[in-house]
1. Based on this model, can you work out whether B:Gln502 counts as more than 8 Å from every other protein chain (Cβ to nearest Cβ) and either under 25 Å from A:Cys46 (Cα atoms) or touching a Pro at 6+ places or on another chain (Cβ under 9 Å) (or both)?
2. Buried (at least 24 other Cβ atoms within 10 Å of the Cβ) and of a type in the set (A, V, I, L, M), is that true of A:Ala573?
3. Somewhere in the range B:141-164, is a residue within 33 Å of the chain's Cα centre (by Cα), of a type in the set (A, V, I, L, M) and under 30 Å from A:Asn121 (Cβ atoms)?
4. Quick one: count up the residues across the range B:263-309 that are in a strand (DSSP E or B) and either more than 21 Å from the chain's Cα centre (by Cα) or polar (S, T, N, Q) (or both).
5. Here are some conditions: (1) at pLDDT below 95; (2) away from chain B (no Cβ under 14 Å). A:Ser328 meets all but one. Which one does it not meet?
6. Hey, B:Asp188 hits all of (1) more than 32 Å from the chain's Cα centre (by Cα); (2) at pLDDT below 90; (3) part of a strand (DSSP E or B) but one; which does it fall short on?
7. Select from the range A:301-322 the residues that are assigned to a helix (DSSP H, G or I) and under 18 Å from A:Ser262 (Cα atoms) and write down the one among them that is farthest from the chain's Cα centre (by Cα).
8. For B:Met272, only one of the following conditions fails: (1) surrounded by fewer than 22 Cβ atoms within 10 Å (Cβ to Cβ); (2) within 14 Å of chain A (Cβ to nearest Cβ). What is its number?
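The values are calculated or read from the model by the stated rules, or taken from the named source; none is laboratory data. Note that the coordinates shown come from a computational prediction; the quantities given were computed from them, not determined experimentally. All Cβ positions, glycine included, derive from the backbone under ideal geometry; neighbour counts span all protein chains shown.
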Amino acid sequence: MSHSPANLQDQSTLPEYRAAWQATMKLLREGRSFSGRERNCAFWNCQDGTFANVSSVTGLDFADDGRAVCASDWDLDGDVDLWLHNRTGPRLRLLLNPTISPNRSHDSNDDTSATTTSAANRFVAFRLQGTASNRDAIGARIEVSLSDNSAEKQPPLIRCLSAGDGFLSQSSKWVPFGVGQKAKQATVRVRWPNGQFEDFGTVSLNQRYELIEGQGSPQVWRPDRSIPKLIANADANAARRVDASRIILPTPFPLPKITYQSFANGALSKDNREIRANQPTLLTLWASWCEPCVAELSEFAEAGQQLTQHNMRVIALAVDHLDQSHNSQSTAAANILQRIDFPFDAGAVDRESIDKLELAHSILFNRQKPLAVPTSYLLDSQNRICAVYHGPMGVEQLLADLELLQSETSRRDLATRFPGRWLAPQRQILLRAVSRLFKNNGYAEDAAAYLKQDAEALQHIRANLTDENARQQFDQQIAEAYFNLGAELLAANEWSEAAEYFQQAIAANNAHVDSLVNLGSLLAKAKQPQQAIRLLERAVSLDKNAFEARVNLAGTSLSVGRFADALEQYQAALNIRPDATWLHARIARTCLETNQIQSAVPHLQAAIQTDENDFASTLCLAWIQATNPDNALRDGTHATELARRLADMAANDSQRLMAADVLAAAHAENQEFDQAIATLQDAKRLLDNAKRNSNLEPMLRQRLQQFQANEPIRDTDGRYP
Amino acid sequence: MPYQSRSPHSTIRFAVLASCCWLLIGLACGLGCRQDSKTPVTPVRAQKTAKTTSISLRPLDRNQANHINTIANLANKQAAHHDNWDSETLAELASQQLSELSHLPFDQPQDRAVAAFQAVVATNATMDNWQPNAWHVHYSDATLQVTRTDPSATANAHRSDTSAVLMDLLRSIHDSQGRIKFKIVHIDVSDASFSTLVRTEIYLPSESNVRQQTTHWTCTWTLPSERKSAVQLQRVQVEDAEQVTSRAPDQLHFQDVTANVLSGNASYERQMLPGIPEWMNAAPKEFMSQFGYHGMAVGDVNGDGLDDIYVCDAGGLPNRLYVQQLDGTAKDMSAAAGVDFLDDSVGALLIDLDNDGDQDLVVGVDPVLQIAESDGQGRFTLRKSLDLNTESFSLAAADFDQDGLTDIYVCGYNLRKKDPTDRGLPFPVPYFDATNGGRNFLLKNQGHFEFTDVTSQVGLDQNNNRFSMAAAWQDFDNDGDQDLYVANDFGRNNLYRNDGGQFQDIAGPAQVEDHASGMSVAWADYDRDGQLDLYVGNMFSAAGNRITYQRQFAPQAHSQAVGWMQRMARGNSLFRNVGSNQNSRFEDASLSAGVNMGRWAWGCLFVDFTNDGWQDLVVANGYLTNEFQDDL
């Protein structure tokens, strides 16, 4: 048991808690029990406020997974019988109450029968009919006052007519009263569901009555039969098994990517293949040590021609090499196939493929047994699993199923073992969820493939819709599906393919913001800024808080020289997410591009505060503080400090050169011209060492002359030259 | 709609976009800027997980359950315990030993049973039992007698015997084909030993006289050591005991006549006899969940006065209408009646919705409530499909506004899952007082099979966010209108008092919040004082009882939560109605009446077993029995 988080916002323990639930589910799927084999309970009312445990002596203590319990005097013998509906087999029990047994010569049709069983408890039962109230008289309260020979006055017995109580149960509408042994007669009063009382006077015991609202007198009711003699046989009511060897799927399930190393001439070849069924195919997992497998494959081999005539093929995949409990190798399997002259494709399946098939089983079945051999999958020409076979099956069954699956009957009906009527349209397996499962298990390629099929399945459904509203709803989902697929491909760095699916998402829903953002960004990356800007602007207009859209729109605007736009978007982005401090550097540089030096400075400071290794921002700020003509912006001391940090940060000659240049300028600003000159000469040596014929050299020479004239540098452009 | 609408991939999207940003900035800036290397996030790629578990492939025998490796299974079990309760390990060891005791091999040569016994019980062990004069008769009639040890009897009413007494008891249970079952409900660990409070149920049948004992034993055990990993029983002290003697066993023992009544129908053998665990193997998950939440409704569908039964079933397994014949057997009329719905069905009601004198049908086919009209001859026509957008549980009908038309209350358990294949366990937060459950509905019958959701309008949206499993209407305050009690899983229940068609949740002041895992509700005047009392089926958890009383339990949790958790493990509740018209109030009689241990309860029902005029109780229970014995 994991600790329960105190609320849904408590993110610290929520995932662990969820994981604990999921772990429990997994164990249940594997066949573990959870408070199982518990015996039903029965409690005897001791008439003193206590109850005694009579679970066993009543025989009600079946170890079933009990669910619903309903009361009904089924045989109308005057005592209450019980229907139980269980989860485990047998799922139904009718338990006859032995209190009044037909074997004891009791006959409910006989008013005087009470005398023949004088020691027995008596009953009276009522069926109600509302007239002013609801016809069933649900909610009626019946009071039965008993009179016996003693003078003692007892409070009335009370029973109420309800429709639905316990758990998922509705008991009989007959309202039974056990009245004990002493009572001779009873008077009846009903409070009808509308709140009105009605007296029905005296009734005899061991009798059934109909009470009709407003009539005031009870009507005796007798069934058209005597009490049936039902035979008890608990052993006959025992759980049965269900043959699970052949399961047709209501929804064909796309096969994950299954790969194998093919066999050739009784040995493993170097040929790695992938299963892509474009004709009906039986995929069989087998092992050389599995006799039923070999027998089955021999049968397929013999019927090779027949199968081929039906456009049917078999792929036999051996698991010998994967199994640690049997000391066998793929070559043993390959040998067998050569010996039986197996006419179809075969090979050794890899471990990942088996793992994927087990994932598929966890999606297809509630109960997940360990994969065993032979297990076979009937694939259709679209590479989808249509049927699963546990154990050997044989040619006859295979061909019969092939015909069945090609018939007009819906797959759901084929998958159902009993005739009946479905009310809801068929539920689809959510391929998106399948994709997630495969992704979480490390199969990104399969995950993407399932997403793609998800989108296609949606398109297919949409195509068959006639209602415009429903179509629009579907368009939303289709957009979402294509977006998910695109996002998956983005994650795999398949950018051009990703862009294609974002495009499809937008085609389905031109207001799909996430897709607009992603496609816009990808177009920008592909150097199509005008189109990118159009999409991103649309995204921003649809969602003012689309942070990524604004950032990327800004970036793209910068690339085409629309600095004012860029600045606006960056600032809006920062408003949306003030914690995105890395935006300061970009805002600062955009300001500098438009010569708004005063505005840039605080952003540069914030950028450096965010990341003290931000070379570019440090460089710009140092340059401004050393050279800007505006006295208020200059700060030689700080510029020096920044320039020294730049020197520390510099990772290459070019950066070292810039650091030195700025440091020199800062020294000059501080009137330390000797140091400025020395620093610059160092820089010049650096440049000489690099032996680059650079246009920087004239610039440095000019600076040197300036410093020698005790003149600091003044640059109105905030950008480092 | 079977599809979910939110992207599960938003984090990936952001990661990639951030990298795009960086590239664009690079293009836009001059020399100084080109050094910018602040890529906030790099694209995340799914990592291949290392596969360390081995797969084992075996030839498949169609009808043989797969063998399971016990060691691996135990390891799994350990892994399932997320918190490492030392006391739980000890409880498990003690439980294994007790289980040995209940299965001593008496059928084998004498010394085998003795050896098995001695492996569990120390040679010098003692058993302290009550003197015969400490037993008192609590109830006695011709059918049965109830005796109990007197709690006021002093300790010297005990007598000490050697462990031979215990051996004799076990032998007599075996010889009479009875059984003994142990359940550890409390554990105390000290330095030298540990003791377990064990609920012990003994069943001793004989032809004339069937006995059933329900007792609590304090068992003292040695601690496991390196030398000896098994724990050994040193002392048994009988704390309390109740014995029920059935004097006329055949007059109290219910008889299973199902085969006689139903075997004429193919659906009985093929569909009803296999359990859901069997169907889980054989039917696709798309059709059914594994929990077996399928109800039933008794009613007279053809007006012959004989009860018939409508049985809900899992997806792919049609619901069945078994109509009683004159000879008491029942005939499967589901197809002819038009109610053989294949969809996974939960609750059902047979009620007259249009006051024409026949029983119409309501079935919860998630998430849609299906309503079919009866023609009075037992044939039905679907009239209404109400999409309630919820995972429904119990249905309960009553005419709440007294307009003469029966209205329907629907328990909504979970919020409807977007993903229909994801019908797993609920996700209650917090576990002990969850308020993220589904919405319940009151559907007002407008006549002509038209229904209006009036839940909000009548005040039933108070605390309408819990995991409701069951509801039952009752005029508990005897003012002439129908009040409603709702049992909720994972926390508090609701008692909605009806005041002229408007409801108020008074569960708190009436003291029936019953902080537990509510599964079912039943009303009856069990003490015959003229007031309707309330019984609520909950989840008795032996493990919960043990764990929640340990000090380590939920160290971060505040004490109220711990108290709630302890309360949740207590089991079923019996609330005695002690209120007046002006002041609705109930008294918790669960423990004093001795009806709390109903195990993992589902359906509960008041029934007068023998027509003595007093309402007895039956509780159906057990959560998930799957093929492996070991329990989570």
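1. Values: more than 8 Å from every other protein chain (Cβ to nearest Cβ): yes; either under 25 Å from A:Cys46 (Cα atoms) or touching a Pro at 6+ places or on another chain (Cβ under 9 Å) (or both): no.
In short, no.
2. Working: buried (at least 24 other Cβ atoms within 10 Å of the Cβ): yes; of a type in the set (A, V, I, L, M): yes.
Spelling it out, A:Ala573 is indeed buried (at least 24 other Cβ atoms within 10 Å of the Cβ) and of a type in the set (A, V, I, L, M).
3. Yes: one or more hits.
4. Taking the range B:263-309 first, the residues in a strand (DSSP E or B) are B:274, B:296-299, B:308-309.
In the following step, the residues that additionally are either more than 21 Å from the chain's Cα centre (by Cα) or polar (S, T, N, Q) (or both) were identified as B:298-299, B:308-309.
Matching residues across the range B:263-309 total 4.
5. Just one mismatch for A:Ser328, condition (2).
6. (1)
7. Initially, the range A:301-322 is screened for residues assigned to a helix (DSSP H, G or I), giving A:301-302, A:304-309, A:320-322.
Next, only the ones that are under 18 Å from A:Ser262 (Cα atoms) stay: A:301, A:320-322.
On the way: A:Ala301: 42, A:Asp320: 34, A:His321: 34, A:Leu322: 30 Å.
Ranking the qualifying residues of the range A:301-322, first place goes to A:Ala301.
8. Here B:Met272 meets the rest and fails (1).
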